[in-house]
Amino acid sequence: MARLRKKKRPGDLISISIGDQFAFAGMAAGASFIFFDGFSRKNLRPKAIEELPIAFTIWVDNTVDCSPNWQIIGSTTRFENFQPPDYCRRSIISDKLEIYRDGRFFAATVEECLDLELAMIWNADAVEERLEFALRGLESPLLKRNKASILGFG
């Protein structure tokens, strides 16, 4: 099993060590990582990972390049035509909610943003924490706080 390269490539399949379990992700275009809905006590073969449903897609910074918990275990063509989901943010200029879609921002309501991922970049530690909570069937406190703040509930 190779360590995560310094240069990530779209199509890489990655296992992330979370305690005694592994979570799985795929690198899409740009900084997008697709996280799969499934944990395993052992690393899965790339074909088995490709068949898992998608849990969420977020932007991840390059701290994953240095994390010993993130290992490239294969590659896939599953994401070649990947269409990123919509993301939600609160504009620092207007303080209004916006949806990010296809490289542009559009005005949005709280209701439109409730089920969207936040337009934020996650570091390796924050992703690992989110996965640890998901493993226990819980929402990450970091995600909960950020959503409450951005959507105006906090």
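The values are calculated or read from the model by the stated rules, or taken from the named source; none is laboratory data. As the structure is a computational prediction, the values presented were derived from the model and not from experiment. When we count neighbours, we look across all protein chains shown, and the Cβ atoms used for this are built from the backbone with ideal geometry, even at glycine.
What's the total number of residues in the stretch 8-21 that are farther than 18 Å from ARG136 by Cα, touching a residue at least 60 places away in the same chain (Cβ under 8 Å) and either crowded, with 17+ Cβ neighbours inside 10 Å or touching a Phe, Trp or Tyr at 6+ places or on another chain (Cβ under 7 Å) (or both)?
Here the count works out to 4.
For every residue, the table says whether it meets (1) over 24 Å from LEU143 (Cβ atoms); (2) at pLDDT 95 or above; (3) more than 18 Å from the chain's Cα centre (by Cα).
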site	(1), (2), (3)
ALA23	no, yes, no
PHE35	no, yes, no
ARG41	yes, yes, yes
GLU51	yes, no, no
CYS66	no, no, no
THR76	yes, no, no
ARG89	no, yes, no
LYS96	no, yes, yes
TYR100	no, yes, no
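Looking at this structure, is ARG136 of a type outside the set (Phe, Trp, Tyr), under 13 Å from ALA23 (Cβ atoms) and free of Cβ contacts under 8 Å to residues at least 24 places away in the same chain?
yes
Here are ALA126, ALA108: which of them is buried (at least 18 other Cβ atoms within 10 Å of the Cβ), over 16 Å from PHE56 (Cβ atoms) and hydrophobic (A, V, I, L, M, F, W, C)?
The match here is ALA108.
Looking at the stretch 15-28, which of its residues are closer than 17 Å to PHE82 by Cα and touching a Lys or Arg at 6+ places or on another chain (Cβ under 9 Å)?
If the condition is that a residue be closer than 17 Å to PHE82 by Cα and touching a Lys or Arg at 6+ places or on another chain (Cβ under 9 Å), then GLY26, MET27 are the ones that fit.
Rundown of residues vs (1) under 20 Å from LEU52 (Cα atoms); (2) surrounded by 14 or more Cβ atoms within 10 Å (Cβ to Cβ), yes/no style:
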{"site": "PRO84", "(1), (2)": "yes, yes"}
{"site": "ILE92", "(1), (2)": "no, no"}
{"site": "ASP95", "(1), (2)": "no, no"}
{"site": "GLU98", "(1), (2)": "no, yes"}
{"site": "ALA134", "(1), (2)": "yes, yes"}
{"site": "GLY137", "(1), (2)": "yes, no"}
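What tally of residues in the stretch 96-127 results from selecting those that are among the small types (Gly, Ala, Ser), in contact (Cβ under 8 Å) with a residue 12 or more places away in the chain and either assigned to a loop (DSSP other than H, G, I, E, B) or touching a Leu at 6+ places or on another chain (Cβ under 9 Å) (or both)?
Here the count works out to 3.
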